[in-house]
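What follows is a single structure, written as structure tokens, with notes after it.
The values are calculated or read from the model by the stated rules, or taken from the named source; none is laboratory data. Computed from a predicted model, the values in this text were never measured in an experiment. Here the Cβ positions follow ideal geometry from the backbone for every residue, glycine too, while neighbour counts run over all protein chains shown.
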Amino acid sequence: MKQTAFIFGRTPHLSLLELQSFYPKAAPLIEGVSIVSEDVDSQKMIHLLGGTVKIVDIVSKMPELDTDLLFSELVTHVQDRHITFGISAYGRAHVTQAILTACKKLLSARGISARYVETKQNETLSSVVISKQQVTELVVIGDATEYWIGITRAVQDFEDWNARDFGRPAPDPKAGMLPPKVARMIVNIALAGSSPASDRHPMLLDPFCGVGTIVAESLLRGANTVGSDISEEAVANAKKNLEWLRRQYSSIDPLYANIIVADATHLSGHVASGSIDAIATEPFMGETVDSKDVSKLTPDKVKNVLKGLEKLYIGALREWASLLKPKARVVMAMPVYMIHRRILRVKNVVDRCESLGYTLLTGPIEYSRPQAVVRREFYIFQKK
């Protein structure tokens, strides 16, 4: 049985849920690495997934690391007589100097001229290094009982992701907003709940679209997309970014995209009832808080902010229920404030989801940048 390892980036829990939206039986092997035991198109999947940084074909397993067997696998998969190679170790696996010395001797004995790319202290090569230096990478994953040996087949296209994050004409002025990779992850998770016919594309809605990050990732994922925002300036910038996206990616040309000015709690006049297959969104989460201003925040001030957000989110979920198809998913971020060692969150939204017509599938799933004062928790709801 063919087995493939998916190695995640900085958001392993969210990345696993994303992977399971394509492969429901994907199973964690160690923290940050999951296994799929079925055929995988590595090149296709690396472009679809936001949270996976490497896709690795598993070629062998061994109870203990055997140097000769380990590098015979590398030699078997080398086609050229001159290679640049590297080794990345995950879990309890470690790359020792003795292993590297044995590898070089083995390759030399087989008539292969090799240059070794050293890893840093974390013992793994980045997708940037692998791409730029065209590295043939051997991966060793140590779980509790054995070692999984693999060859990397695909790595995340960092230039493509960076272009959408930093190259678009109207970037998001608010620090800490969702990056494209996370936007893609929640789009994929949301669309897992839809069952589109083979002759049509699902329809995804982002009711707080801002400058259109989720809109862009939804289109690139192959979904027709509606974005809305109460801010005219945000919508104007989202439209600029959409025009730029269409110039960069011809694959989205056949897809429907519409971005409108609208209140997320009053969308029924703009979007047809029962027309939406999925919602993925990061709603308004309160004013941006800089870490240097955290001392000005008090629990009482934060509670007042959260009370207003609670009203907004409940009103929005109530409105969206009429727009969604049965069993459609909503993937939604909510803020968590870390104030003076206290954790404050919007709790009543989750408590009331049943009465609003939803079932809570999963959550909270934390996502935050280092040192963030306001963190995100994602929740996955399903319309009844």
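Within the group Ala264, Ala272, which residue is in contact (Cβ under 8 Å) with a residue 12 or more places away in the chain and within 26 Å of the chain's Cα centre (by Cα)? Don't jump to the end; show me each part of the working.
Values: Ala272 fails: within 26 Å of the chain's Cα centre (by Cα).
Exactly one of Ala264, Ala272 is in contact (Cβ under 8 Å) with a residue 12 or more places away in the chain and within 26 Å of the chain's Cα centre (by Cα), namely Ala264.
Please list, ordered by first then second residue, the pairs with beta carbon atoms under 7 Å, 6 or more apart or interchain, first in the range 196-214 and within 20 Å of Leu317 (Cβ to Cβ) and β-branched (Val, Ile, Thr), second at pLDDT 95 or above and not in a strand (DSSP E or B).
Ile214/Ala183; Ile214/Val187
Going by the structure shown, is Ala278 farther than 25 Å from Gly363 by Cβ and not in a loop (DSSP other than H, G, I, E, B)? Spell out how you get there, then give the answer.
Details: farther than 25 Å from Gly363 by Cβ: no; not in a loop (DSSP other than H, G, I, E, B): yes.
In short, no.
Restrict the check to the range 29-47 and report whether at least one residue is under 15 Å from Gln156 (Cα atoms) and either over 17 Å from the mean Cα position of the chain (by Cα) or in the same structural domain as Ala192 (by TED's automatic domain parsing) (or both).
For the range 29-47, residues under 15 Å from Gln156 (Cα atoms) and either over 17 Å from the mean Cα position of the chain (by Cα) or in the same structural domain as Ala192 (by TED's automatic domain parsing) (or both): present.
Restricting attention to the range 223-232, does a residue exist that is at pLDDT 95 or above, in contact with a Ser or Thr (Cβ under 6 Å, 6 or more places away or on another chain), over 19 Å from Leu191 (Cα atoms) and in a strand (DSSP E or B)?
no
Looking only at the range 297-304, decide whether some residue is assigned to a loop (DSSP other than H, G, I, E, B) and more than 25 Å from Ile214 (Cα to Cα).
The answer is yes; a qualifying residue exists.
Any chance you could count how many residues in the range 368-384 are in a strand (DSSP E or B), closer than 17 Å to Arg345 by Cα and not β-branched (Val, Ile, Thr)?
5
Enumerate the strands (runs of 3 or more DSSP E) found wholly within the range 306-367, keeping only those where 2 or more residues are in contact (Cβ under 8 Å) with a residue 24 or more places away in the chain and among the basic types (Lys, Arg).
By residue number, 324-339, 342-345.
Across the range 154-190, which residue is nearest to Tyr90 (Cα to Cα) among those that are touching an Asp or Glu at 6+ places or on another chain (Cβ under 7 Å) and at pLDDT 95 or above?
That would be Met185.
Taking the range 210-222 as the region of interest, how many residues are within 18 Å of Phe166 (Cα to Cα) and not in a helix (DSSP H, G or I)?
Of the residues in the range 210-222, 3 are within 18 Å of Phe166 (Cα to Cα) and not in a helix (DSSP H, G or I).
Has the range 334-352 got at least one residue that is in contact with a strand residue (DSSP E or B) (Cβ under 8 Å, 6 or more places away or on another chain) and closer than 20 Å to Gly212 by Cα?
Yes.
Please verify whether Glu123 is without any contact (Cβ under 8 Å) to a residue 60 or more places away in the chain, at positive phi and not assigned by TED's automatic domain parsing to the domain that holds Glu217, treating the condition exactly as stated.
Spelling it out, Glu123 is indeed without any contact (Cβ under 8 Å) to a residue 60 or more places away in the chain, at positive phi and not assigned by TED's automatic domain parsing to the domain that holds Glu217.
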